[in-house]
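Okay, so here's the structure we're looking at.
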Amino acid sequence: MTTQTFDNRGIRFEYPTGWQVAEEHAEGELVVTVSSGETAFWSLSLYFERPDARELIDSAITTFSELYEEVDGYEVAGQKLFKLDALGRDLEFVCLELINTAWLRATLTDRFTALVLAQFTDQEQETVAPILRRITQSLSAEHSHDPFQQWFAPES
């Protein structure tokens, strides 16, 4: 598998060639999403007000529970984001008669709280899950770089 590198505003990760990347930002928040072109995607959300990582995961679980009739969740230990310990939850739910899996990972850094959401169907698990795992493992940030300032600095 050939890869490309996302390297913008001090955030860097590897993703498969041919997958689509989209960036969105709002006040105090940046979201970068990589999509397979099918149903699988990986999304990194950075919150510059640094909310509690557990609150972000709990909020995401609540959203899934509101959207889908039955959501099963499992705590996952030993997770890392940006080489820091991260909270982890795996969710399973049914959508369009397919079993879906969502991985939630969150950690607090000195500059932001990061939340990764990766999602795929059971039919994609064998091929896509390892790719999504590699994207997460490749994630890094320049500590001297402040992505918030670059995006939201006033025009000169």
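Okay, residues lined up against (1) among the aromatic types (Phe, Trp, Tyr); (2) under 12 Å from PHE112 (Cβ atoms):
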| position | (1), (2) |
| --- | --- |
| TYR15 | yes, no |
| TRP19 | yes, no |
| GLU27 | no, no |
| VAL34 | no, no |
| GLY37 | no, no |
| GLU49 | no, yes |
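With the range 55-98 as the region, which strands (runs of 3 or more DSSP E) entirely inside it contain at least 2 residues that are under 14 Å from the mean Cα position of the chain (by Cα)?
79-81, 84-95
Taking the condition of being more than 12 Å from the chain's Cα centre (by Cα), in contact (Cβ under 8 Å) with a residue 12 or more places away in the chain and in a strand (DSSP E or B), how many residues in the range 1-22 meet it?
Looking only at that region, the number is 12.
Given the residues GLN79, GLN125, which is the only one that is farther than 25 Å from GLN20 by Cα and polar (S, T, N, Q)?
Every option except GLN79 fails the conditions.
Being at pLDDT 95 or above and either farther than 14 Å from ARG133 by Cα or small (Gly, Ala, Ser) (or both) is the requirement here; does LEU67 meet it?
So LEU67 fails the test.
For the range 1-59, give me each residue that is within 23 Å of GLU92 (Cβ to Cβ), at pLDDT 95 or above and of a type in the set (Ser, Thr, Tyr).
THR33, SER35, SER43, SER45, SER59 - these are the residues of the range 1-59 that are within 23 Å of GLU92 (Cβ to Cβ), at pLDDT 95 or above and of a type in the set (Ser, Thr, Tyr).
Looking at (1) at pLDDT 95 or above; (2) more than 23 Å from TYR15 (Cα to Cα), find the lone condition where ILE99 falls short.
Among (1) at pLDDT 95 or above; (2) more than 23 Å from TYR15 (Cα to Cα), ILE99 violates only (1).
Answer yes if at least one residue in the range 82-102 is among the hydrophobic types (A, V, I, L, M, F, W, C), more than 19 Å from ILE61 (Cβ to Cβ) and crowded, with 20+ Cβ neighbours inside 10 Å, and no otherwise.
Among the residues of the range 82-102, not one is among the hydrophobic types (A, V, I, L, M, F, W, C), more than 19 Å from ILE61 (Cβ to Cβ) and crowded, with 20+ Cβ neighbours inside 10 Å, which makes the answer no.
The values are calculated or read from the model by the stated rules, or taken from the named source; none is laboratory data. What you see is a predicted model, and the numbers here were worked out from it, not measured in a lab. Glycine gets a Cβ as well: all are built from the backbone with ideal geometry, and neighbour counts include every protein chain shown.
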